[in-house]
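Step one of this worksheet: look at the structure below.
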Amino acid sequence: MSSRQRPRAASHSPRTNAPPRAPEPSGLAAPLNPARIPLYVGLAVVGAAVGVAGTLVQAALFPGGLLLALAASAGLFLGGRVLAGRQLGALAPAAGWLVAVVVLLGGRPEGDYIFGAELGLILFMLGGMAVAVICATMSRLPSPAGDTGRPGE
């Protein structure tokens, strides 16, 4: 027999007739880990504190205070995303931040407002929401600085 006519060796991989499995859900569709609930609650509380502080700082030191408040909000949202490793890590502090800002910007029962309708407040609220959406919808987490990009190193 020549080398062209030799029968082929059987494959060593097992053959099954099982259908392919569906991929594991990721992102917000992934199941919630109960051990992470205290993390998300803590991030929401810190988000509320940053919202209160940002509302006060941006009103006192306009326009530099506005930039400082937005930078603090962005740092919190991105830090929550990196700490939790998923999108909910950015959404939990964003929810606390939004509740605090809306409560402070809402009217009081007497009919007056805690803060007036100023341009800085509108920019702070819209800018903070935009930063929260950007941090929550990032496709990848930032890589560590010491990462060379090569697998196995």
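Computed quantities for the displayed model
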{"quantity": "Residues residue 129 and residue 82, FRET efficiency given R0 of 35 Å [Cβ-Cβ distance, rounded to 0.05]", "calculated": "0.95"}
{"quantity": "For segment 66-112: accessible area per residue (Å², 1.4 Å)", "calculated": "46"}
{"quantity": "Extension gain, residue 24 back to residue 36 (0.36 nm per residue minus Cα-Cα distance, nm)", "calculated": "2.4 nm"}
{"quantity": "Extension gain (nm, one decimal) between residue 122 and residue 62, 0.36 nm per residue minus Cα-Cα", "calculated": "20.3 nm"}
{"quantity": "Global form of segment 32-111, assessed from the alpha-carbon gyration tensor, a/c cut-off 1.5", "calculated": "oblate"}
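The values are calculated or read from the model by the stated rules, or taken from the named source; none is laboratory data. A quick note: this is a predicted structure, and the numbers were derived from the prediction, not measured. We place every Cβ from the backbone using ideal geometry, glycine too, and count neighbours over all the protein chains shown. Surface areas here come from the heavy atoms of the whole protein model, side chains and all, with no ligands, DNA or RNA. Shrake-Rupley method; radii C 1.70, N 1.55, O 1.52, S 1.80 Å.
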